[in-house]
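Below: one structure, written as structure tokens.
The values are calculated or read from the model by the stated rules, or taken from the named source; none is laboratory data. Since the structure is predicted, the reported quantities are computational estimates derived from the model, not experimental observations. Reconstructed Cβ throughout: ideal geometry from the backbone, glycine too, with neighbour counts over all protein chains shown. What goes into the accessible areas is simple: the full protein's heavy atoms, side chains included, and nothing from ligands, DNA or RNA. Shrake-Rupley method; radii C 1.70, N 1.55, O 1.52, S 1.80 Å.
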Amino acid sequence: MPSARLLLNLVLDLCAMQQQARVPEPTMSMSDGEAAAAFMHAGREDGILAHTYLYHAIQASAVIPRNSLVVDLGCGPANQLASLARLNPDCRFVGVDASPAMLDLGRQTLARAGLPNVTLVAGDMTSLSDFADTSADAVISTMSLHHLPDTNALHRCLAETRRILKPGGGLYLADFGRLKREASQRFFAHEREAEQPSLFTLDYYNSLRAAFSTSEIRQAASVFDEGVRLHKTFLVPFLLALRSRPLAPPGAVTRFAAQAIYNALDARQQYDFRDLARFFGHGGFPLAFKPW
């Protein structure tokens, strides 16, 4: 069950009359090596974000064709890519990121995981010049769109995504949504500050402040066909997800890998995973399959 403080913040944000203005991230954000390292460790198997990466890997796998090329925009330290590659070993993944510090950490993540089906490249997700038109079977991005400086960049990113994606290709773009109250943003960033590095807490807060609103995401996503739907968490858009129509139910290999990752989580992480699935599920976005 969610805490009383969490429910209070959700209700207060729902009832707020005015939308918070967007505050772009400080330019140093993820180019700083120490901040990047804090983010990487939060996403490792024993990190505070491990359940989040598994959740997005399951939801994204529902739109990834077999034996396909998948492009990850803003791949960061490749924690998400590692989860996806384990769930879809027959696919080839290319992670794109503009931060050298993140790419260095991503290479460490992939080397530690021993995943041969992932490549990392330096690139700007608003100008995917290394990718030909309709060259990707699926495009994903998790928790990276808010790094873009403004709505013009958001529109360029989604237009480039549309350009490189094959007709009918898979799409899964997830990120924070902009909450109405600064107090709500501060609450979520500091809710577990005792369990996370201070740099992670600061970056979390900055990320929530830099999130695009539901209407801004919806407008930029108008480049996609009607099969792409925008989902949000229950009551308030704490998280948003753009996803194309699911394909056939994921196969046994994907399900078995997801179950192995889930079973390796500790009890608190498993609870957080189910809690996140409920948060989205009550908002009308059910989990593609249960890993238990």
*When residues of the range 156-183 are filtered for being open to solvent by 50 Å² or more (accessible area, probe 1.4 Å) and under 16 Å from D137 (Cβ atoms), how many remain?*
5
*Mind listing whichever residues of the range 222-234 are closer than 23 Å to Y53 by Cα and open to solvent by 10 Å² or more (accessible area, probe 1.4 Å)?*
V228, R229, L230, H231, K232, F234
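To keep it simple, each residue is scored yes or no on (1) at pLDDT 95 or above; (2) over 17 Å from the mean Cα position of the chain (by Cα).
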{"position": "R86", "(1), (2)": "yes, no"}
{"position": "F93", "(1), (2)": "yes, no"}
{"position": "R107", "(1), (2)": "yes, yes"}
{"position": "P116", "(1), (2)": "no, yes"}
{"position": "A122", "(1), (2)": "yes, yes"}
{"position": "M125", "(1), (2)": "yes, no"}
{"position": "A132", "(1), (2)": "yes, yes"}
*asked:* Among (1) modelled with pLDDT of 95 or more; (2) open to solvent by 40 Å² or more (accessible area, probe 1.4 Å), there is one condition L202 misses while meeting the rest; what is its number?
replied: (1)
*Yes or no: A258 over 30 Å from L14 (Cα atoms), among the small types (G, A, S) and open to solvent by 40 Å² or more (accessible area, probe 1.4 Å)?*
no
_Just checking, does the range 144-151 include any residue being open to solvent by 50 Å² or more (accessible area, probe 1.4 Å) and among the β-branched types (V, I, T)?_
yes
*Please state which of the following conditions L49 fails to meet, knowing it meets all the rest: (1) open to solvent by less than 20 Å² (accessible area, probe 1.4 Å); (2) modelled with pLDDT under 95; (3) under 24 Å from A138 (Cα atoms).*
(1)
_Among the listed residues P250, P237, identify the single one that is buried (at least 18 other Cβ atoms within 10 Å of the Cβ) and at pLDDT below 95._
P250
*Which number in (1) over 19 Å from Q18 (Cβ atoms); (2) touching a residue at least 24 places away in the same chain (Cβ under 8 Å); (3) touching a strand residue (DSSP E or B) at 6+ places or on another chain (Cβ under 9 Å); (4) not basic (K, R) marks the one condition that P167 misses?*
(3)
*asked:* Quick check on R192: is it of a type in the set (K, R), open to solvent by 20 Å² or more (accessible area, probe 1.4 Å) and in contact (Cβ under 8 Å) with a residue 12 or more places away in the chain?
replied: yes
